[in-house]
Structures are given as C-alpha cells and as structure tokens.
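Worksheet: one structure, shown below.
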Amino acid sequence: MKSKTSLLIGVAMFSAFSAAAQTNIVSSPDGKLKLNLTCESGTLSYSVNYDGNTFLEKSPLGLITDIGDFTKSLQQTGFKIDTVAFDYSVRTLKKSEVKGKATRAVWNISVDGNPVYDIVFMVENNDIAFKYQFHRYPVKGEERFCAVINDDRTFFNFPNGTTTFLSAQMPGGTGWARTAPSYELPYFVDKPTGDNANGAGFVFPCLFKTPSGWVSISETGVTSAYCGSHLVCDKNSSYKIANPIESDFNYNGTSAPGIPLPGETPWRTITLGTTLAPIAESTVMWDFVEPLYSPSKEYTYGAGTWSWIIGFDESVNYKDQKEYIDFTAKMGFVSVLVDNWWDTQIGRDSIEILSKYALSKGVSLFLWYNSNGYWNDAPQTPRNIMNNIINRRKEMAWMKSIGIRGIKVDFFGSDKQQTMQLYEDILADANDFGLEVIFHGATLPRGWEKMYPNFIGSEAVLASENLHFGNDFCNLESYNATLHPIIRNSVASMDYGGVTFNDYFNTANDTTIWGGHRVTSDVFQLGVSVLFQCPLNHLALYPRVTKENEPWKLQFLKDVPTLWDDIKFIDGYPGKNLILARRHKDTWYIVAINADEKPLKKTINLPMLKRDITLYSDDMKLNGSVKPMKVSANGTYQINVPHNGAAIFVGKE
C-alpha cells in the first residue's frame, strides 16, 4: 500500500456566546450540510440538517469517566473553524485516489474553568467525523495521567418515521463454540426504530432511512488505544454509542476502554444524503486516519481460490490443495487459501512442499489460523499461536522462510480494547515478516486498510460459508447481495468468499449430498466479483465443475480486477435490487442484480461508457449469455433483470 496525505489549512474563527446558550453552526464546503452545536445549561448537543431538512434531531454529547461525569456542568470556552484539504492514495480502497475538503471545527469544553476535552468535527459535503480529545484534567487538585471511559453518552436522535437496516450485536460467549460476537447476524430491513434486537444493540455500520433521506452511522480509527463500540437503542428513535459487552472474550479484559491523558476517542462517523449514493461512495472511513507503520515490502493483490466452501474440512488435504494450485495457476490467479486443520490433515512438512510447488506455478498460499487461546471453544487448529507473541513471531518467521503469502485468522469474538490490541499485534508482526492478513469471525475493520498497510480485509458479515450449510441462506443470496455493498462493504473491505458455478455446495455437485442449493444465476455470480470489494478475493470456484462452463464465464473471472479506482451508485433499494458501478483504470463494470420476485425493468443512465461495450445478461429462466453492444447515443440503456439474475455492462470510458 502506498499512501500520502496532505493538509492545506485556511483559518477562520467563529464563536457565538450568550448567557443562556452558546450556539455554533458548521457548514460543509458546499454549504448544504449544517451541523448545529449547542452548549446550554451545562450540557452539549448537536443536530444535523441537509438541504434544509432535518436528518438528526437535537442529540446529546458527552462522556462519563472514572475521573468525572463530563456530560453536565460543562462550559464552552472556545470554538474555532478552519478548512482542511486532503489528498491521499491507497490502492486497496473502493477509490484509489481521494481528494476532498472538510470544514474543521474544534469545540473547547471546560468544567469549573479547567479544560476537559475538545470535540473535533470534520464536516464534508455528505459526511461528519468527530472525536473527543481529552486534556490532562485535575481531580481534587491532583493531575491525572489516565482515564477510563465508563459510558459514552454520544446520541443519534432520528426524526419520527425513520426505519432501520441493522444487524444485531451478538452477546459475548454465545453462538457456535462461544465464538460470538462475530458480526454474523442477518439484517433487520426497513424495521421501525425503538427495538434493541436481543438487548445487546447493533453492530456498525448502522443504516437508517429518515423521511428526508439516508443516514449511515459508524466509527473509524480504532486501534489498541481504544475498544470497538456499537450502537444501542436508548428509546424510541434515540440511539447511543455503547462499550463492548462484559461477556466478550470469555469475560477477559475490561469493557470500558482506558486512555492516556491527553488522549482521544476514535472518530464517530455520520454519512447522509437524499439518495444512497453518498453512502455507497463515501471515503470518510479513511479521510482522517493515517498509516501506523510503513509496509515492509510492496504488497500485491488479485484473485485466489478456496476449497473449504465446496469441499468443507475434508478438502484440506495435500491432493486437493495441489489440484487447487494447478487450477489457480491456469486461471491466472495469485493465491490459494488453505483452511483449518491444515497442520494435522496436511502437516507442516507437506505444507512446505505445497508452498514450493505453488511458487513454481506463480501462486502463493494463505494459511488459516485460530486466534483462540483462552476465550472460546472453537477446536479448529492451528491454535494457541496467533495470541502469543513468542509463538506468533516464530511461526511467521517459518512462513516467510517457505514463501507463504499471508494468514487468515479466525474466531476473535470481542470488541474489547484487549482484542483490538491482539488485532494490531498480529498485523504489525505480520508486516515484519511480509505477510498479508485477513480476519474472520472478527470485528468490523475501522479505517484499517489505510492504517495497517498489510491488512487485506475482514469477514464481519454473514458470509458465503452459510451457503454451504443450507438452502435457507441460499434462498437469500440475492437479497443479501443488495444489502452488503450499501451497508457492510461501504465502510471497509469485505472478505466474503463467494462466486461459484456449483449448483450444490458439495464436491459431487449433487442434490443428494449435504450442501446448499444455489438459486442465483451464473451471471449473478460474476456480478458478485464486482459488487463485493476486497483487494485479494478468494473465490468459491471448484476446479472440476468450472471445466463444464462456457469459456466466457471463466474469461470474465480471469479479467475482472480486485483493485478499483472509483465507485458509482446508480440505483437500488436495500433488500430489493441494486445497480452499482466500479472502475478499474479506464474500464467500468456496471452490475445490476434483482432480489425481487418481479423482473427489474428499468432505463438506466450510464454516461461513463464511451466506447463499445460487452453485456452479460440472463433471460427469464436464468440462462446467461454474452454479446457486444454499441454505445448508446444518449447514454441510456434498458435492463430487464429476472429474480436472482443479473446484468453486467463492461466498457471503457
């Protein structure tokens, strides 16, 4: 990863003081978004308007710590506004080159004349990022050098009539083998506000539809210096930030994060718009974070293969993995993910032989590891390596010596600060040995693609493995695919592990054997390789089945990139349909999918297509075909996409 960030600052000052209330207004660079900040009767609040409409009503701010309750008896002692311009390049994001401006506001807050914290706001045209920056606050005349954040009283109060698109937070120590939370529950779609799911709240990102438009809430910049937070419904249409659940991590570690003084919280983010385009296209998760270390080498990316989704545990053997290496090389892909139990079912000596063989074919291996040491009951091996610095670095040195490309680490089950430390330690150590990192059974990445240059992506979603487990999930495949690019994948790379041509998720491709039955079309599967963004994407292709498919399908997967330079939301509604465009260099891939029972008949405007194009599409029986097309004179195209089908336009600017 290569990253550069520059700040161009133009300073202005603004303060509005009165005896009763102090009100400050922060406008976005284009003037459409208004952030209203108020200090009144010792309390802080904010509201958000866009284009004259209310998106967030008056919402409290503040923190309760072990050194004081900083939600009351507060005074505004200063308020400054300036302008920030940012310019950076990160190849692994949904936009490789990012340039923008934000209005920065710094709100100085004191208690009894002693500075407590500043709240820093970055306001872009459709985004707000804000964080608390603590000072070294004296308690009874004694200077304090650290604090514990017992309760974050940051609220998001939505207008009446708001509906939600949320995934519940899983209580710690629940789920299979006590591996929860893993960010792997389905979404509640278009549900009224006021519910708190299983009582634990909801994972980020959280999507809301207000009477005026759409709002996405999340956070970014989380490191070992803080915990990962989530959202809970306080009452009715009011939501607030919450610390991790005490039972996370088998009750190990504290739920309340500790910070040094001076110190700060992560950025909380709000993205909004009258359509879903600002949410799908937002880069606020990376705009104000910086790389935490330099890459130890130039990391490369591409497509790969993965046997487990089709062959399950039994496929993790020497013979099958060698077959996958040969197939991966033939497809021109870059890696093979060798999943759990490889240490016992293949063995370390044979892994060395496999790695050498793969390298001779221009392919390299990812190896699966269990993060678990003492916090859940997941039995899969290798265990008790990634959680111990001595074992971990010894293992990584061995991996480097035999040419392993990277690691997939699974079963974390916590958002506590102690777990964030483990994520960071694994990433930093892996970089020392030139290893790329994927996390599964894991938390949402929060700006990590830019912060940790060897980070690839995380699962943190109800992902493709569930297709193997039964038809219920298969029947929802297109439905979920309309959600993920707008919700989960809009804020971070998503290692979903999809794209298959198998009719059944087993090696025999047989209805009589265990494994879900795929109901989506082959063109839909091609479309998923575009819709779901991850810079190194391990596909659920089975070598022998792909030989039976038309060459144009395989050629599409050989050609489709995993690195993107731009993204455009065209149309859609979560749970019904989606039309999304991604660009690599001068080539656009525009994908339309349909989860609705009725065909998606629509005229779409694609002005970015300037030369002859190729259309991949389904008929009403989900039979796919490919044909060349001429560029439309007026830039519009007719689509007719069946249920569980897709249409894909590929063309150059």
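General observations
- Number of positions in the stretch 624-653 that are in contact (Cβ under 8 Å) with a residue 40 or more places away in the chain and not in a strand (DSSP E or B): 5
- Under the condition of being of a type outside the set (Lys, Arg) and within 20 Å of residue 520 (Cα to Cα), the residues counted in the stretch 585-635 number 22.
Yes or no, residue by residue, for (1) in contact with a Lys or Arg (Cβ under 6 Å, 6 or more places away or on another chain); (2) over 21 Å from residue 411 (Cα atoms); (3) surrounded by 22 or more Cβ atoms within 10 Å (Cβ to Cβ):
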| residue | (1), (2), (3) |
| --- | --- |
| 159 | no, yes, no |
| 170 | no, no, yes |
| 181 | no, no, yes |
| 194 | no, yes, no |
| 231 | no, yes, yes |
| 234 | yes, yes, no |
| 257 | no, yes, yes |
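- Scanning the stretch 40-53 for residues that are surrounded by 16 or more Cβ atoms within 10 Å (Cβ to Cβ) and closer than 23 Å to residue 235 by Cα yields 44, 45, 46, 47, 48, 49.
- Residues of the stretch 345-373 classified as aliphatic (A, V, I, L, M) and under 30 Å from residue 173 (Cα atoms), total: 1
- Restricted to the stretch 66-116, the set of strands (runs of 3 or more DSSP E) holding at least 3 residues that are of a type outside the set (Phe, Trp, Tyr), in contact with a Phe, Trp or Tyr (Cβ under 7 Å, 6 or more places away or on another chain) and in contact (Cβ under 8 Å) with a residue 60 or more places away in the chain comprises 97-111.
- Pairs linking a residue in the stretch 576-597 that is touching a residue at least 24 places away in the same chain (Cβ under 8 Å) to a residue that is surrounded by fewer than 23 Cβ atoms within 10 Å (Cβ to Cβ) and among the hydroxyl-bearing types (Ser, Thr, Tyr), with Cβ atoms under 8 Å and 6 or more positions apart or on different chains, are 595/479.
- Count of residues meeting criterion [in contact (Cβ under 8 Å) with a residue 60 or more places away in the chain and farther than 20 Å from residue 371 by Cβ] in the stretch 233-245: 8
Let's see how each residue does on (1) assigned to a helix (DSSP H, G or I); (2) buried (at least 24 other Cβ atoms within 10 Å of the Cβ):
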{"residue": "467", "(1), (2)": "yes, yes"}
{"residue": "485", "(1), (2)": "no, yes"}
{"residue": "506", "(1), (2)": "no, no"}
{"residue": "513", "(1), (2)": "no, no"}
{"residue": "520", "(1), (2)": "no, yes"}
{"residue": "525", "(1), (2)": "yes, yes"}
{"residue": "544", "(1), (2)": "yes, no"}
{"residue": "548", "(1), (2)": "no, no"}
{"residue": "555", "(1), (2)": "yes, no"}
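- Number of residues in the stretch 577-586 that are surrounded by fewer than 18 Cβ atoms within 10 Å (Cβ to Cβ) and under 25 Å from the mean Cα position of the chain (by Cα) equals 2.
- Residue 335 being buried (at least 23 other Cβ atoms within 10 Å of the Cβ), of a type in the set (Gly, Ala, Ser) and outside the structural domain of residue 247 (by TED's automatic domain parsing): yes
- Strands (runs of 3 or more DSSP E) (entirely within the stretch 142-185) containing at least 2 residues that are within 27 Å of residue 374 (Cα to Cα) and of a type outside the set (Gly, Ala, Ser): 146-152
- Single unsatisfied condition, residue 211 versus (1) in contact with a strand residue (DSSP E or B) (Cβ under 6 Å, 6 or more places away or on another chain); (2) at pLDDT 95 or above; (3) more than 22 Å from residue 242 (Cβ to Cβ): (1)
- For the stretch 117-141, the set of residues classified as more than 13 Å from residue 262 (Cα to Cα), at pLDDT 95 or above and part of a loop (DSSP other than H, G, I, E, B) consists of 124, 125, 126, listed by residue number.
- Filter pass, residue 44 being out of contact with any Pro (no Cβ under 8 Å at 6 or more places or on another chain), at pLDDT 95 or above and of a type outside the set (S, T, N, Q): no
- Pairs meeting the criteria (first residue in the stretch 382-393 and without any contact (Cβ under 8 Å) to a residue 24 or more places away in the chain, second residue assigned to a loop (DSSP other than H, G, I, E, B) and crowded, with 20+ Cβ neighbours inside 10 Å, beta carbons under 8 Å, at least 6 apart or on different chains) are 383/372; 384/372; 391/385.
The values are calculated or read from the model by the stated rules, or taken from the named source; none is laboratory data. Computed from a predicted model, the values in this text were never measured in an experiment. As a convention, Cβ positions derive from the backbone with ideal geometry for all residues, glycine included, and neighbour counts pool all protein chains shown.
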